[in-house]
Amino acid sequence: MTESIVAEPAITQGLRYDPTTIALHWVTAVLVVLLWIIGQTVDFPPTPALRVDYRSLHIVFGATLGIILLARLAWRLTRRDVPPPIDQGLLLVIARLTHWGLYVLLVVAVGLGIGTTWTRGDSLFGLFSIPAFDPGNRALMRQIHSWHALAANTVLIVAGLHAAAALFHHFVMRDATLRRMLPWQLR
């Protein structure tokens with residue numbers, strides 16, 4: 001006899017994540033996408049003043065991501081009531097490595113963003129200046145900026161794979177992996 005695969009509600013497959021975890025997850029995701037888009041288009045504004053403001057947005061959103069990341073790590077490391085994993089075996093190992101890999105990549109990208117701003121020097125919305133660490137060292141500034149760009153691109157790729165895995169769980173495996181992290185309940 002064949003069994004049909006019927007998706008059970010998230011509540012029966014190991015509770016949804018708490019609202020704080022869900023909010024921190026989605027704020028992180030939105031900030032990563034916004035930061036990547038701004039980073040790719042930072043030279044598009046037609047005037048120097050608009051470029052300063054646009055780059056300032058990138059810096060402020062990056063600092064916000066750093067704060068959210070610290071809050072998220074503190075929250076994750078202090079929580080004992082997390083839902084049990086749905087995956088087992090190799091899938092569980094891959095999921096855990098991916099999650100912790102994303103945390104490491106985010107820390108690296110934010111750290112290199114701080115390094116980029118510090119080596120380049122900058123103006124935040126024309127209100128105050130961030131002095132350059134070594135104003136004449138253009139090679140250092142370019143190197144740190146290229147590492148920042150590489151880290152940001154890697155974050156986006158790994159996050160995309162993470163999202164694809166969640167969709168695979170939802171549509172192919174028909175389990176609650178995606179549903180328990182969504183801010184709304186899917187049936």
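Values in this text are rule-based calculations from the coordinates and carry no lab data. This structure is a prediction, so every number in the text was calculated from the model and none was measured. Counting neighbours? That spans all protein chains shown, and the Cβs are built from the backbone with ideal geometry, glycine included.
Past the 26 angstrom mark, what percentage of all C-alpha to C-alpha distances in the stretch 14-173 do you count? Provide the component values of the computation, followed by the final result.
Values: 4458 of 12720 pairs.
Looking at the stretch 14-173, the distances longer than 26 Å represent 35 percent of pairs.
Hey, can you rank 46-53, 119-126 by average C-beta count inside 10 Å, highest first? Numbers along the way, then the final one.
On the way: 46-53: 11.4, 119-126: 15.5.
Top to bottom by mean Cβ count within 10 Å: 119-126, 46-53.
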